[in-house]
1. Of everything in region 2-44, what is modelled with pLDDT under 85, among the hydroxyl-bearing types (Ser, Thr, Tyr) and surrounded by 11 or more Cβ atoms within 10 Å (Cβ to Cβ)? Give them in sequence order.
2. Counting only residues that are part of a helix (DSSP H, G or I) and out of contact with any strand residue (DSSP E or B) (no Cβ under 8 Å at 6 or more places or on another chain), how many does region 70-88 have?
3. Could you pull out the residue among ASP93, ASP107 that is under 30 Å from GLN272 (Cβ atoms), in contact with a Lys or Arg (Cβ under 8 Å, 6 or more places away or on another chain) and surrounded by fewer than 16 Cβ atoms within 10 Å (Cβ to Cβ)?
4. Which of the residues spanning region 166-190 are more than 13 Å from ligand 3 (Cβ to nearest atom), part of a loop (DSSP other than H, G, I, E, B) and crowded, with 18+ Cβ neighbours inside 10 Å?
5. Which one of the conditions (1) touching a Leu at 6+ places or on another chain (Cβ under 7 Å); (2) at positive phi; (3) of a type outside the set (Ser, Thr, Tyr) does ASN104 fail to meet, given that it meets all the rest?
6. May I ask you to list pairs of residues, at least six apart or on different chains, whose Cβ atoms are under 7 Å apart, with the first in region 221-233 being without any contact (Cβ under 8 Å) to a residue 60 or more places away in the chain and more than 23 Å from TYR255 (Cβ to Cβ) and the second being buried (at least 19 other Cβ atoms within 10 Å of the Cβ) and charged (D, E, K, R)?
7. Among the numbered criteria (1) among the aliphatic types (A, V, I, L, M); (2) crowded, with 19+ Cβ neighbours inside 10 Å; (3) more than 12 Å from ligand 1 (Cβ to nearest atom), which one does ALA218 miss?
8. If you scan region 137-158, which residues turn out to be more than 16 Å from ligand 4 (Cβ to nearest atom) and modelled with pLDDT of 95 or more?
Amino acid sequence: EAKSRGPNHYLAFEATMHEKVMVRAALEAKLRVAIQEKALRPFYQPLIDLRNGEVCGFEALARWTDKDGTSIPPTTFIAIAEETGLITALFEDLLDQACRDALNWPDHIRLSFNVSPVQMEDKLLTTRIFRVLAGSGLKAQRLEIEITENALIQDPAAAAAILAELHDAGVQIALDDFGTGYSSLAQLARYRFDKIKIDKSFIATYREDERQEKVVRAMLGLGHSLNIQTTAEGIEEHRQLSHLLQLGCDIGQGYLFGKPMPANEALIFLEQREKTAAVG
Ligand code: C2E
Ligand code: MG
Ligand code: MG
Ligand code: MG
């Protein structure tokens, strides 16, 4: 096929590759400056206790709007940060901002923060987390770390040590994107997670798909039998919520409750939820 398109096709391919490399290099340079200038912000998405409808936490999700007003998606810039080692500085800055924001929330509201798989190779990860907690004054009990299954496969012993150290200090551990990673069940057997977050890909389609529904039901059952709280990500519709309630899911997250929002809006969100809860 490539042959039939002739040599020009090959040149066109090279040009796009070159373009991609240039765009990527420019983005990396911009990210470096943005991190230095502390220009990235955590946004906060509410986590809802499904037993009573109350907010029980916020997940911090990184947001970056560059100087021309373009917002770059976190999946793009987190990947660059991971590849370049910028993730450590980015993590420390965002976690510090998030801990300080969380001090303005009621005590029972927890901050969830994503730790990327490459950070599990950082020997100083726990030291950094404890340092940021101490610097901001947020109690370890109010922090929850979200890791994906892929964070546990590179060096399982090192990962276990990190999780144990955090856990002993009172930090909660959630297994994020459950069901999409490598060897989910093996991870559940090995580590004591406080929470599993069922990936939104299961929630999006399971009502139309009987097999998918059975898988979600089994994941919730597994969580309960292991005494691990279950969170469903990506709840967008009432019928998804009512079904998850029926199945006994503990915590919900999704656009139905609220999108990720800046710190000041999260405070307003909390006030309004409290008012409606008090009314009925
Ligand atoms: P995640 O940790 O699984 O976060 C959940 C993602 O689902 C977020 O995407 C959130 O905005 C999105 N989401 C929440 N509710 C709904 C819904 O009802 N429908 C749909 N379609 N999507 C929903 P976001 O903010 O784009 O972040 C994507 C991923 O980037 C995160 O997935 C996480 O893996 C990573 N990420 C974001 N911020 C950070 C960070 O500060 N550090 C690290 N290491 N990773 C981060
Ligand atoms: Mg997460
Ligand atoms: Mg997730
Ligand atoms: Mg995800």
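The values are calculated or read from the model by the stated rules, or taken from the named source; none is laboratory data. Fair warning: this is a prediction, and the values are worked out from it, not measured in the lab. Cβ sites come from the backbone with ideal geometry, for glycine too, and all protein chains shown count toward neighbours.
1. The one that is modelled with pLDDT under 85, among the hydroxyl-bearing types (Ser, Thr, Tyr) and surrounded by 11 or more Cβ atoms within 10 Å (Cβ to Cβ): TYR10.
2. Counting residues in region 70-88 that are part of a helix (DSSP H, G or I) and out of contact with any strand residue (DSSP E or B) (no Cβ under 8 Å at 6 or more places or on another chain) gives 10.
3. When all the criteria are applied, what remains is ASP107.
4. Correct list: VAL171 only.
5. For ASN104, the failing item is (2).
6. ILE228/LYS195
7. Only one criterion in (1) among the aliphatic types (A, V, I, L, M); (2) crowded, with 19+ Cβ neighbours inside 10 Å; (3) more than 12 Å from ligand 1 (Cβ to nearest atom) is unmet by ALA218, namely (2).
8. Once the filter is applied, which keeps residues that are more than 16 Å from ligand 4 (Cβ to nearest atom) and modelled with pLDDT of 95 or more, region 137-158 yields GLY137, LEU138, LYS139, ALA140, GLN141, ARG142, LEU143.
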